[in-house]
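Each reported figure results from applying straightforward, stated rules to the coordinates on display, with no laboratory input. Bear in mind the structure is a predicted one, so any value in this text is a computation, not a measurement. As a convention, Cβ positions derive from the backbone with ideal geometry for all residues, glycine included, and neighbour counts pool all protein chains shown.
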Amino acid sequence: MTSFLTLFIGLLATGMPVFLVLGLCAGAMFMTSGQPLVGAAQLVINELNSPSLMALPLFVMAAAFMRFGGIANALVNLAAAWLGGLPGSLGLVTVVACTLFAAICGSSVATALAMGTILIPAMLERGYPRSFVLGVVGASGTIGIVIPPSLPLILYGIVAEQSVPRLFLAGILPGLLQAMAFFIWVLYEARRRKFPVEPVLPFRERMRVTLSAPPALLVPLVVMVGIYGGFVTVTEAAALSAVVALCVSLLFYRGFHWTETLSVVANGLRSAASIMLIIATALAVGHWLTESGAPARLVEFLLSHQFPTWQFLLAINALLLVLGCFLEVTATLLLVLPILAPALGPMGVDPIHFSIIFTHNMEIGLVHPPVGLNLFVLSSIAVAPMVSCRFSLSCWSCLPSSLTCPSSRCGSPARSSGDDVDGRARCSGAKILRAATLICCNAI
C-alpha cells in the first residue's frame, strides 16, 4: 500500500493526466502482485460491460445537444422573465437557470460552461463585481451533480451496488435546498451591496417566454416520468433524453443546423471518452485495492476502535475534501468508494444517505483551490486568471457542506448528565482530530 501511495502521489505531482496516473499505478500494482496485465485488461472490459454504465455517455451526449442547441438560452430567458424587479436579478437568474439545467444534463462542468457562457458576460456588463460573478456561476454549477440525472450518482450506484433510481430520488431535496440557500445568499448580498435590478417584463411578454420554455423541460420530464413510472430503465432514459434533446434543439430552438449535428456529436463523444478513460483505469485500481484487503482492514479497524458514527462521517468528510482538491469527481469516487462501501453497514450509515454526503463533498472539490474543473471553465469564459477564480470561489465552497453535515448526535448515546455533556464538549475536538487522522490513514 505504501508503494502504491508513493507512486500515485509522485505521478500526480508531475502534472500527468489522471487517467495515465491511474493506469500506470494499476499496471505496476498488478505486476508487483504477480498478476498478468492481460487479466487486468479483461477485468476492465468486464467492468465496463455494464448496462447502467452505458447511461453515462448518453447523458453526456444529451448535455452536448442542450448546450449547443439553444436550450440553455431558453432556461435563462424563463428565469429572467419572472425574476425581474428583484435586487441582483441576474444573480438570481443564474441560480435558477443552473438548477433547471442541472435537472437536464447531470454534469457540473457542463452546467457551469453552458450558463457561464451566457450569464458571465451579461453580469459583467451590468456592473456586477467579477468576484461575485465567478462565485455564483461556479458554485451554482455544482448543483449539476446532485439533482438527477447525476452522472456521479450513476457511478456510485454501480460501485456500491445501490439502486440508481433511489439515488436519483435522494438527490432531489438536497439539490433544491442547496439552490434555495444560494438564492437566499445572492438576494442578501444584492440588497447589501445594491446590485442592479432588472426591469419587470410586461405580463404578455412573460407568458410568451414561459410558453416557449416547455420544450426545454421535456428532457427532465422524460427522464423522471420514464424511470419512476416504471416505463424505462436508467440507460433507456438516457438514450431517450439524448434523442429528445436533439429533436428539441433542431426543431424548436434551432441552436445549430442539422448539418452541424456530427460536429456536436463529436464534441459530446470527446467529453464522454475522457470520462470513460478515467473510469476504466480507476476500476482497475479499485479492483486491486479490494483484492489487497484494504476494505476488510478498514472495517476491522473501525470496529475495534469503536468510533461513533458521527466521528466516522466527519473523518470521511475531511478525507473527501482533501482528495477533492486534487482529483476530479470520477477518480475520487472510484478510488475511495470501493474501500468505504463495506464499512458503511457496520458503522450504521445508510448508503443512500452517504451518497449525498459524498457528492456534496465532491461539489466543494469542483470549486476549491488548488484544482477544480469549474475553475478552469470560468477562467476560460471570463478571461480571468486562475488566481482570481480561486479567490472568488473559495468563499462559496463551504456552503454546500452545511446542508449535509452529519448530526453530532449520530451514533452517540444520549446523555443526561451535565458533567458528561461538558466533558464531551471539551474533548470533542480531540476525538474528531484523532478519528480523522486514523481513519484517513487506514482508509487509503
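Can you order the peptides 309-317, 349-357 by their average number of other Cβ atoms within 10 Å per residue, highest first?
309-317, 349-357
Of THR210, PHE195, HIS257, whose Cα points farthest to the positive end of the dipole of the range 188-271 (charges on the beta-carbon: +1 Lys, Arg; -1 Asp, Glu; origin at the Cα centre)?
Ranked along the dipole, the leading option is PHE195.
Using the Cα centre as the reference, give the magnitude of the dipole from point charges on the C-beta atoms of the range 99-222 (Lys, Arg: +1; Asp, Glu: -1; all else neutral), rounded to the nearest 20 debye.
460 debye
Ordered by packing density, taken as the mean number of other Cβ atoms within 10 Å over each peptide's residues, highest first, how do 241-247, 137-143 rank?
137-143, 241-247
If you take every residue apart from ALA216 with its C-beta less than 14 Å away from the C-beta of ALA216, what net charge results, scoring Lys and Arg +1 and Asp and Glu -1?
Computed value for this residue: +2.
Please turn the phi angles of the range 316-331 into ³J(HN,Hα) values with the Karplus equation 6.51 cos²θ - 1.76 cosθ + 1.60 (θ = phi - 60°), one per residue in order, whole Hz, x for glycine and proline.
Running phi through 6.51 cos²θ - 1.76 cosθ + 1.60 with θ = phi - 60° gives 5, 4, 4, 4, 5, 5, 5, 5, x, 6, 10, 10, 7, 4, 4, 5 Hz.
Quick one: net charge of ALA112's neighbours, Cβ under 12 Å, K/R +1, D/E -1?
Value of the local net charge: 0.
Using mean Cβ contacts within 10 Å as the protection proxy, how do 204-211, 72-79 order, highest first?
Top of the packing list down: 72-79, 204-211.
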